[in-house]
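Below is one structure; the comments refer to it alone.
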Amino acid sequence: MIKAATTAIMALMLATTPTMAQDAHQWDGLLRVKSKHIDAVYLLPQADFRSYTKVMIDPTEVAFRKNWRRDLNNDTLDMQNRISDADARKILDEAKSGFDKIMREAYEKAGYQIVTTPGPDVLRIATAIVNLDVEAPDTMSPGISRTYSKEAGEATLVIEARDSLSGAVLGRAADADSTGDFGPYLRNRATNAGEFEDLFRRWAKLSAEGLGELKALSPIDTSGKLAKH
């Protein structure tokens, strides 16, 4: 079986991410603020993002929805189309490398320098893609096998921003979303990759643009309200 990532940031995110349907007002001392684009945003009162002109972007962590592989294999009669450990690992690796590249591109496009060492002007960003659910993964098995579905799948992004020197958590956000619903379409490795790439690009763009908004709103109102958002 594929093991979920076990780094400290992943454990924290999986353990403490609030249920998005609930109106949880605090998360480890961070206050929830309203956002038009992200399901849940939590910020440290009086946090000031204006000094950050560079970002450290940690490698993202990726984990499937619980029992994703088991459920798919239970629904598959053709043994050749069952998801192996190697298949699952390849999907995780491709999601991880793809999102890392897209995040770097989004922040560079927004004007931030990507660095690898802490500094007074460096914001450290950690991300996790959890509950990854690929509807019809293509195992590239021999023979004719076609799968149709309305969506390639869904996932949840969790992002955390810290001061790179002190390690102080300045904000967290979580957003659950699915790929585009334009189907039903034939699903294979190429179509799945394309739709998840679109979703990843949306998240990365929101993240980079969000830092710009936080700069404009800093220092963050202690009431937890973003009046200009």
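A few remarks follow.
- Of all residues in the range 10-45, those that are closer than 30 Å to Arg89 by Cα, surrounded by fewer than 18 Cβ atoms within 10 Å (Cβ to Cβ) and modelled with pLDDT under 55 total 8.
- Qualifying residue in the range 216-229 (condition: at pLDDT 85 or above, part of a helix (DSSP H, G or I) and within 19 Å of Lys54 (Cβ to Cβ)): yes
- So Val55, is it farther than 24 Å from Asp177 by Cα and surrounded by 13 or more Cβ atoms within 10 Å (Cβ to Cβ): yes
- Exactly one residue out of Asp100, Asp48, Asp75, Asp93 is crowded, with 16+ Cβ neighbours inside 10 Å and of a type in the set (Asp, Glu): that is Asp100.
- Here Arg65 qualifies as under 19 Å from Thr156 (Cβ atoms) and at pLDDT 90 or above.
The values are calculated or read from the model by the stated rules, or taken from the named source; none is laboratory data. This one's a predicted model, so the numbers in the text were calculated from it and none came from an experiment. We place every Cβ from the backbone using ideal geometry, glycine too, and count neighbours over all the protein chains shown.
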